[in-house]
Amino acid sequence: MLSESEPPAAAANLPSATPPPPSSDEDFFSSVSVASTSSTSSPSTPIPSPPQPHPEVPISWPEDGTLTLAWVTNLMLAFDWSSKNLAPTELPSVLPVAVFDRLILTGSKILHKEPNCVHIDSELGLGKDSRVIVVGDVHGQLHDVLFLLRDAGFPSDDRFFVFNGDYVDRGAWGLETFLTLLAWKVFMPNRVFLLRGNHESKYCTSVYGFEKEVLAKYADNGKHVYRKCLGCFEGLPLASIIGDKVYTAHGGIFRSIAVTPAKRAKGKKNRKIVSNPDVTALSLGSMEELLKARRSVLDPPWEGTNLIPGDVLWSDPSMKPGLSPNKERGIGLLWGPDCTEDFLKKLNLKLIIRSHEGPDAREKREGMEGMDQGYTIDHEVQSGKLITVFSAPDYPQFQATKDRYRNKGAYIILEPPNFDIPVYRSFEAVTPRPKVNPYYDFEDCIDSDEELDLASMAT
């Protein structure tokens, strides 16, 4: 049985003087671990790295409250360095709670103001020189995320990023991973878009490690940090439309919520009319319904009138035609190629890019392609394609079987003029990973692809 449970390296003494933080992606990544990549465009070769410098720690919040590239890259360097040189309990010496509070508050304010579906188009500066990078699940695999950012290039005026959620759980650095991406969001709010995954919820984080990770790292302040993260998760948008042709979301498409008004009792003129959802007839939802859905719930409901968030976060494609309840997960939908065609045609789209399924999930899905390369083309229909992208290589970090999946991760590049022809880039996991204990019982824990404990979610 494979184990990654050796204790972390002994804490290193911080130097009395540290060099200035890197000012560009090239400077930052001249010293961190790298992995190999493969692409449908052009291959690249690994670059050897010199010894890693110390970051400037503890991190302080800028006096004027404005983040810079140097601040964000120093944060990345600090998280990378601390994961290799400090015990997890020493993270507050790198990122003090007060600085965490400023970052999470600033990021939350930005996210909560965004619509359920963000539009990335010419009004935001998407143009003939732009590229859009779409990233799938990363699940706390910090070092692979750092490599991905280096390989794709940092966010910039002409380089947009859309992350499809599942930043936390299973991997040991969910907090550092999410805060890294949140810092990029704060620094470049109109170039970095963070969507919500099904693991950005109270239920999943209590089962798959993130809650315990935060409590372990921040001790007495752990509950405070965890609550602030949950509040931030509630603000994450559900979906994006890129260049008017590409829909991205964590799980996928969603149903229409048909409502039937209840009859008003005789003689009760002022009684409120309550609408009842008709959950028996399933049909595809509209963009208007998506925009009106209430996303600010810690655990999306599987019943009632607010079903769209659960659909967007938990649904899966199938090779069987039609739209049906996702009985395997206990929430969300299963949809076939005919529904993909209808959805694309209805919204005048060319691509659906979703995530949500890694190699462990795909192993159980009859008729669905495996996730060895980090992406699959699930449906090819007249109007376009449905693609699944998964960006956590060698997943899960802690695996309760002797033979690991050793899958590659991948991200997708969308290029002008129409941003509707995907370029796939696969990459290997960064090795070696720092040794660390898991924050959940990965041997006995139920698989998130199996039926959920709905009673636990409700409470």
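No lab work stands behind these numbers, since they all come straight from the coordinates. Just so it is clear, the model here is predicted, and its values are computed rather than measured. A quick note on method: Cβ atoms are made from the backbone with ideal geometry, for glycine too, and the neighbour counts reach across all protein chains shown.
Length gained on full extension, LYS320 to SER60, computed as 0.36 nm times the residue gap minus the Cα-Cα distance: 88.3 nm. For LYS113 and LYS402, a Förster radius of 41 Å and the Cβ-Cβ distance give a FRET efficiency of 0.30, rounded to the nearest 0.05. Counted residue by residue at 0.36 nm each, then reduced by the alpha carbon distance between them, the extension gain from VAL423 to MET287 reaches 46.3 nm. If you take all other residues with their beta carbon under 14 Å from the beta carbon of GLN373, and give Lys and Arg +1 and Asp and Glu -1, the sum is -2.
For the peptides 109-115, 350-356, 150-156, the ranking by packing is 350-356, 150-156, 109-115, with the highest mean count of neighbouring Cβ atoms within 10 Å listed first. Residue ranges 380-392, 240-252 sort as 240-252, 380-392 when ordered by packing (mean number of other C-beta atoms within 10 Å per residue, highest first). 3J(HN,Hα) along segment 155-168, derived from phi through the Karplus expression 6.51 cos²θ - 1.76 cosθ + 1.60 where θ = phi - 60°, amounts to x, 7, 4, 10, 10, 9, 10, 10, 9, 8, x, 6, 7, 10 Hz, with x in place of Gly and Pro. Here each label is just a point 7 Å from Cα along the line to Cβ, and for LEU124 and SER38 those points are 3.1 nm apart.
Once the Cα-Cα distance is subtracted from the 0.36 nm per residue extended length, the ILE377 to LEU298 segment shows a gain of 25.3 nm.
With the simple model of a label 7 Å out from the Cα in the direction of the Cβ, ALA98 to ASN306 spans 3.6 nm. I want to make sure I understand the PRE zone here: with the label point 7 angstrom from the Cα of ALA219 toward its beta carbon, which residues in segment 85-105 have backbone N atoms less than 16 Å away? Inside the label zone: 86-98.
Counting lysine pairs in segment 100-229 whose alpha carbons fall under 27 angstrom apart, excluding pairs fewer than 8 residues apart on the same chain, gives 23.
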